[in-house]
Amino acid sequence: MKPVISSIEIENRVIVAKYQRLMVGAKVVVVEKASGRQLSETITRVASPVPVGALRIKLPDAVRPGTYFLKAFNGHGEDAAQSAEFEIG
């Protein structure tokens, strides 16, 4: 079964993303939809050995309003999962 980023909540410039089947060491990054640019300052790694959980990503002040999504990569750098799009205002 494929890994999934199942829900996104944003409050006070902190993203909380729930995931399933992402393995320890997977990398999750915020991506700007319009440009496809990965925001390197938002890279977070899955640290839990349990494949179900939640990640917290603090957005730096430099992140502009727009449409974004989360993209997860496995330990080999291959695409693993992508979230639904969300707005940052």
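With a Förster radius of 22 Å, plug the Cβ-Cβ distance of Arg56 and Val24 into 1/(1 + (r/R0)^6) and report the FRET value to the nearest 0.05.
That gives a FRET efficiency of 0.85.
Ignoring ligands, DNA and RNA, please state the percent of accessible area on the chain from carbon and sulfur, probe 1.4 Å.
That share works out to 52 percent.
Report the net charge of residues surrounding Val50, where surrounding means a beta-carbon distance below 13 angstrom and charges are Lys +1, Arg +1, Asp -1, Glu -1.
+2
Express the relative contact order of the chain as a whole percentage, based on alpha carbon pairs under 8 Å and six or more residues apart in sequence.
For the chain, the relative contact order is 32 percent.
Residue separation times 0.36 nm, minus the C-alpha to C-alpha distance between Leu39 and Glu85: what's the value?
So the chain would gain 15.1 nm between Leu39 and Glu85.
For Cα extents along the principal axes in Å, one of (1) 33, 24, 20; (2) 75, 31, 20; (3) 40, 33, 28 was computed from the structure I shared and the rest are decoys. Which label?
The value matching this structure is (1).
Which trypsin sites (Lys or Arg not before Pro) from region 29-85 combine a DSSP loop assignment with at most 13 other Cβ atoms within 10 Å?
Hits after loop and neighbour filter: Lys33, Arg37.
Given the protein chains as shown and a 1.4 Å probe, how many square angstrom of Val4 are accessible, to the nearest 10?
Per-residue accessible area (Val4): approximately 50 Å².
Among the GluC sites (Glu not before Pro) in region 13-89, which ones are in a DSSP loop with at most 15 other Cβ atoms within 10 Å of the Cβ? Mind listing them? Don't skip to the end; give the middle numbers.
Numbers: sites: Glu32, Glu41, Glu78, Glu85, Glu87; in loops: Glu78, Glu85.
Those that pass, being in a loop and sparsely packed, are Glu78, Glu85.
Work out the FRET efficiency for Glu78 and Val14 from their Cβ-Cβ distance, taking R0 = 30 Å, and round it to the nearest 0.05.
Details: r = 27 Å, r/R0 = 0.92.
So, using R0 = 30 Å, E works out to roughly 0.65.
Report the accessible area of Val52, computed with a 1.4 Å probe over the heavy atoms of all protein chains in place, in Å² rounded to the nearest 10.
Taking all protein chains as shown, Val52 has close to 90 Å².
Charges only on Cβ, +1 for Lys and Arg, -1 for Asp and Glu: so what's the dipole of region 8-66 about the Cα centre, in debye to the nearest 20?
160 debye
The values are calculated or read from the model by the stated rules, or taken from the named source; none is laboratory data. Model, not experiment: these values are computed from the prediction. Positions of Cβ are backbone-derived with ideal geometry, glycine not excepted, and every protein chain shown enters the neighbour counts. Protein only, heavy atoms only, side chains kept; ligands, DNA and RNA dropped before computing areas. Shrake-Rupley method; radii C 1.70, N 1.55, O 1.52, S 1.80 Å.
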